[in-house]
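Student: Once you've had a glance at the structure underneath, I'll fire off some questions.
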Amino acid sequence: MSITATRIRNPWAWVPSSYLSEGIPFALIIWVAGTMLKDLGHSDGEITLATASIGIAWSLKPLWAAFLDMFKTKKFFVLWMEVVMAALLCAIAVSLPLPNYFQITIAVLWVMAFCSATQDICVDGIYITSLDEKGQARYIGVQGVFWNVGRLFGTALIVWVAGSLKEDHHLSTTAAWSWALFLSAGTLAALAVYHWFVLPSGSVGDRPASAGAAFRTFWDAIVDFFKKDSIWGMLLFVFLYRSSEGLLLQEGPLFLQASPELGGVGLSLKDKGLIDGTIATGVSLAAGLLGGAFMAKFGLNRRTLVFMALCLNIPHVCFVVLSQLAGPGHTLSFWTVASLVTLEKFGYSFGFVANMLYMMQQISPGRYHMTHYAFANSIMNLTLVPTQMASGPLADFLGYKAYFIVVMVAAIPSVLGAVIAPFPRKVDGSPAVGAGRH
């Protein structure tokens, strides 16, 4: 692909805000929606069954990414997706007082997820086609930092605002969340206005000649993907590596919010925003950087992969400890909860790096490197859907004390997946003995 680099705008004017605008809707859909529904009185089972599958939207991005190159500019889609998502957030806000708000909210979140996924595709496309290779490398860290600022905006600020409106200003739960959602909508709308002036168009050199040509290229990439040596063994690793984590991703935060009478920790919205939003996000950033440094120093091999699997899974014991300490009549101190949650988040973010590196160095190399990396990412995220959907009903049935022991047992396949993971390519990226080139 030839790249038309547009250097009209300083990247600092648009790279941070672009990835901030990516992080905000993702955080609102994946994390904040569950917090809101829990605060409105819904059970863990209702929440996870309804919301966990929404993440499929981001997993299906490769299915329509190529076709977006055929119409308008990437800037056009980014601006419209931001405006539409702002309108959708307003729709949820005004629907909360209605008797069927739950069904409306879930339906709107589905539409919003596909808008957010489309925005992600086009923001990444603008980044790739508007910066040369040196510029791409220079601002790659900025992407991650400001995406996480968007996550902070949702999981910390918006949750804190809703809590403050309830606790300090005595608004009803419904009114507090409506105003918090209006704040989110206003922020995305403001970003759209800003991007109207500063965002490059994201031109590309090689557009598909037709929809048929785009489909043929996509189909060839799929066939090539499944011809890779040891592909099924590698995909088994991708599936197993996050088997325990999927049970924790949505259920862990809901447990922190659940009342002690139900066996939960009973964090207020303000405390949850601080612990599960601000502190957890900061720790996740630091752990991800350290995990990357560790893998850069020791490389990707079976020993480091197993070590990282242990780092990912052993800290889940923190939730076992919390669930045993929590319950009726037990008020845990802020710092006890913060320390244990922080330790678990650190282990997750540190160990998660190995999963991404394995997909990058073992699964995706070949003729369609970028496309196959997107495929692997999509499959990885799809494997989380069933465990996340099952997590709420299972926790409701077993109770938190037993449930988090099940989470620890589910860590065993994760570590075994790292033990048996195939390495068809050498550490330096060249084919291993007996491995074919694709």
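Student: Given an 8 Å cut-off on Cα distances and at least 6 residues of separation, report the relative contact order of the chain as a percent.
Tutor: Details: 663 pairs, mean separation 112.6, N = 438.
Relative CO of the chain lands at 26 percent.
Student: Sticking with the crude label model, points 7 Å out along Cα→Cβ, report the distance from A402 to V321 in nm, one decimal please.
Tutor: My value for the distance between the label points is 2.5 nm.
Student: Gap in Å between the Cα centre of the stretch 321-335 and the Cα centre of the stretch 27-43?
Tutor: Centre-to-centre (Cα) distance: 22 Å.
Student: Which ³J(HN,Hα) values, rounded to whole Hz and listed in residue order, are derived for the stretch 224-237 from phi using the Karplus coefficients 6.51, -1.76 and 1.60 in 6.51 cos²θ - 1.76 cosθ + 1.60 with θ = phi - 60°, glycine and proline given as x?
Tutor: 5, 4, 7, 8, 4, 4, 6, 4, 5, x, 5, 5, 4, 4
Student: So for the stretch 223-429, averaging the separation of alpha carbon pairs under 8 Å that are six or more residues apart and normalising by length, what relative contact order in percent results?
Tutor: Details: 267 pairs, mean separation 82.2, N = 207.
Answer for the stretch 223-429 is 40 percent.
Student: Which pairs in the list K72/K134; K134/K272; K61/K134; K272/K401 are over 32 Å apart, alpha-carbon to alpha-carbon?
Tutor: K134/K272
Student: Once every DSSP H run of n ≥ 4 in the chain is given -39500 (n - 2.57) and the sum is divided by its residues, what mean residue ellipticity at 222 nm do you get, rounded to the nearest 500 deg cm²/dmol?
Tutor: Numbers: 22 runs with 310 residues, N = 438.
Rounded to the nearest 500, the figure is -23000 deg cm²/dmol.
Student: Filter the chymotrypsin sites (Phe, Trp or Tyr not before Pro) in the stretch 53-103 to those in DSSP coil with at most 15 other Cβ atoms within 10 Å of their Cβ, and list the result. Mind dumping the intermediate values first?
Tutor: On the way: sites: W58, W64, F67, F71, F76, F77, W80, Y101, F102; in loops: F71.
Sites meeting the loop and neighbour criteria: F71.
Student: Go through the stretch 328-339 residue by residue and turn each phi into a ³J(HN,Hα) via Karplus (6.51, -1.76, 1.60, θ = phi - 60°); whole Hz please, and just put x for glycine and proline.
Tutor: x, x, 10, 9, 7, 5, 3, 6, 5, 5, 4, 5
Student: Show the residues, 5+ positions off or on another chain, whose built amide H is closer than 5 Å to the amide H of R425.
Tutor: Under 5 Å from the amide H of R425 lie the amide H atoms of A432, each far enough along the sequence or on another chain.
Student: Choose one of G144, M81, G263: the residue whose Cα lies farthest towards the positive end of the charge dipole of the chain (beta-carbon charges +1 Lys, Arg; -1 Asp, Glu; about the Cα centre).
Tutor: My answer, from the dipole projection, is G144.
Student: What is the gain in length, in nm to one decimal, between V419 and S172 on full extension, counting 0.36 nm per residue of separation less the C-alpha to C-alpha distance? Walk me through the numbers before you get to the answer.
Tutor: Numbers: separation 247, 0.36 × 247 = 88.92 nm, distance 5.14 nm.
So the chain would gain 83.8 nm between V419 and S172.
Student: Taking 0.36 nm per intervening residue step and subtracting the Cα-Cα distance, what contour gain separates W219 from S333 on full extension?
Tutor: Numbers: separation 114, 0.36 × 114 = 41.04 nm, distance 5.48 nm.
So the extension gain works out to 35.6 nm.
Student: Between L262 and A296, what is the spin-label point distance in nm, taking each point 7 Å from the Cα along the Cα→C-beta axis?
Tutor: That separation, rounded to one decimal, is 4.4 nm.
Student: Under a point-charge model restricted to the Cβ atoms of Lys and Arg (+1) and Asp and Glu (-1), what is the dipole moment magnitude of the chain relative to its Cα centre, in debye to the nearest 20? Intermediate results must be reported in sequence, preceding the final value.
Tutor: Working: 27 positive and 24 negative charges, 253 e Å.
For this selection, approximately 1220 debye.
Student: A further question on this structure: If you count, for each residue, the other Cβ atoms within 10 Å and average over each peptide, how do 177-186, 10-19 line up from highest to lowest? Show your work: numbers first, answer last.
Tutor: Working: 177-186: 20.9, 10-19: 18.5.
Put in order of decreasing packing, that is 177-186, 10-19.
Student: Same structure, new question: So, by mean Cβ neighbours within 10 angstrom, what's the order for 330-337, 316-323, 23-30 with the highest one leading?
Tutor: 23-30, 316-323, 330-337
Student: Additional query: Which of the trypsin sites (Lys or Arg not before Pro) found in the stretch 70-143 are loop residues per DSSP with 15 or fewer other Cβ atoms within 10 Å of their Cβ? It would help to have the intermediate numbers written out before the result.
Tutor: Details: sites: K72, K74, K75, K134, R138; in loops: K72.
Listed in order of number, the matching sites are K72.
Student: Report the one residue of L40, H372, W179 whose Cα lies farthest in the direction of the positive end of the charge dipole of the chain (charges on C-beta: Lys and Arg +1, Asp and Glu -1; origin at the Cα centre).
Tutor: H372
Student: Points 7 angstrom from Cα along the Cβ direction at A107 and A286: gap in nanometres?
Tutor: Placing both labels 7 Å beyond Cα along the Cβ direction yields 4.6 nm.
Student: While we're on this one: Give a residue-ordered list of calculated ³J(HN,Hα) values for the stretch 401-410 (Karplus: 6.51 cos²θ - 1.76 cosθ + 1.60, θ = phi - 60°; whole Hz; x for Gly, Pro).
Tutor: 4, 6, 4, 6, 5, 4, 4, 5, 4, 5
Student: Specify which residue in the list L274, H316, I363 is farthest towards the positive end of the charge dipole of the chain, using unit charges on the beta carbon of Lys, Arg (+1) and Asp, Glu (-1), about the Cα centre.
Tutor: Farthest towards the positive end: I363.
Each reported figure results from applying straightforward, stated rules to the coordinates on display, with no laboratory input. This is a predicted model, so every value here is computed, not measured. When we count neighbours, we look across all protein chains shown, and the Cβ atoms used for this are built from the backbone with ideal geometry, even at glycine.
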